[in-house]
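Peer 1: Submitted below is the structure of interest, expressed as structure tokens.
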Amino acid sequence: MTSPVASPSFAVLTARQITGLSVGVAVVLIALKAFALGASGSISILASLADSALDLIASLTTFYAVRWAARPQDASHRHGHGKGEAMAALVQAGLVFASAAFIGWEAILRIFDPYPVSGGVWAVGVVLISMVLTGGLVWLQTRSLKASGSMAVSADRAHYAADLAASVVVLIGVVSGAWLRAPGLDAAAGLVVAVWLFWGAYGVLKAAGDQLLDREVPEADRVALTQAVLSDPRVEGVHQLRTRMSGNRLLAQMHIDLDPTLSFEAAHALVVEAERRVTAAFPDSEVLIHADPRGVRPAVPVSPWATP
């Protein structure tokens, strides 16, 4: 296992930069949409403005969470602070759920009591500019994720990607209300945005919950981890494999079967080599391996979900 370094890694720097950009984009979008709402009175624009306001809160949460999660281990957090990103994602999900509920309620009210949409040119112009800014941010976030694998950035990207798709619906709503004289369609577009946001929030909530509840990593990663350990023929078996994630850091523990005639020093050397192979396959991982003599399994009760 590697010890934490004093200076931030390239991945951390990338995540920090993209979260700062996300905050800046959210501020610009709020200003633009507030202007468009005043000019048009569109419920679709109102829906989009409310979402952007929550985007700013979510982006600020992510901004600070990424920096807190990057802190090294300390006496109180022996596994580091990586789950701070999952907490930020959880906050984001809650904010998006609230946004979806507000937008949906306003849209339903406007469906039964349509409100005329004016200033369509301004509204359309603002939506198009918003789409360009959001699309650029999502593209940069995607590049950042390839370097950092940050859950907080991933949640932020999922949110803005949903915003990008929702902007298309908003555009349809504004055009329908301003030029087709069908304000009911504008309200319906706002309702579609609410449903879209609710679905996106559910995905973010599930991912954050999985990490906070220590869900096992995907089976493909468990197989790759096991293969890395078993690549040395002197390791005769792996059992009681347990894995979880802390931010983008894999935490794993397992027992391995070794020849019972090996000396203590030889068994220790095999364990260290196995741990190094795992960290080579999963660079940001922390692994703990316990050596068992072949044919001897621990007598303690084992969870039915543990690897036999």
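Peer 1: Within the range 227-273, can you find the residues that are in contact (Cβ under 8 Å) with a residue 12 or more places away in the chain, among the β-branched types (Val, Ile, Thr) and over 30 Å from Val204 (Cβ atoms)?
Peer 2: Selection gives Val229, Val235, Val238, Ile256, Val271.
Peer 1: Same structure, new question: For the range 228-240, name all the residues that are surrounded by fewer than 19 Cβ atoms within 10 Å (Cβ to Cβ) and either at positive phi or assigned to a strand (DSSP E or B) (or both).
Peer 2: Gly237, His239, Gln240
Peer 1: Going by the conditions given, is Ser176 under 25 Å from Ile57 (Cα atoms), surrounded by 17 or more Cβ atoms within 10 Å (Cβ to Cβ) and either at pLDDT below 75 or under 23 Å from the mean Cα position of the chain (by Cα) (or both)? It would help to see each step written out before you state the result.
Peer 2: Working: under 25 Å from Ile57 (Cα atoms): no; surrounded by 17 or more Cβ atoms within 10 Å (Cβ to Cβ): yes; either at pLDDT below 75 or under 23 Å from the mean Cα position of the chain (by Cα) (or both): yes.
It is false that Ser176 is under 25 Å from Ile57 (Cα atoms), surrounded by 17 or more Cβ atoms within 10 Å (Cβ to Cβ) and either at pLDDT below 75 or under 23 Å from the mean Cα position of the chain (by Cα) (or both).
The values are calculated or read from the model by the stated rules, or taken from the named source; none is laboratory data. On a predicted model such as this, the values are computed, not experimentally measured, just so you know. Virtual Cβ from ideal backbone geometry, glycine too; neighbours counted across all protein chains shown.
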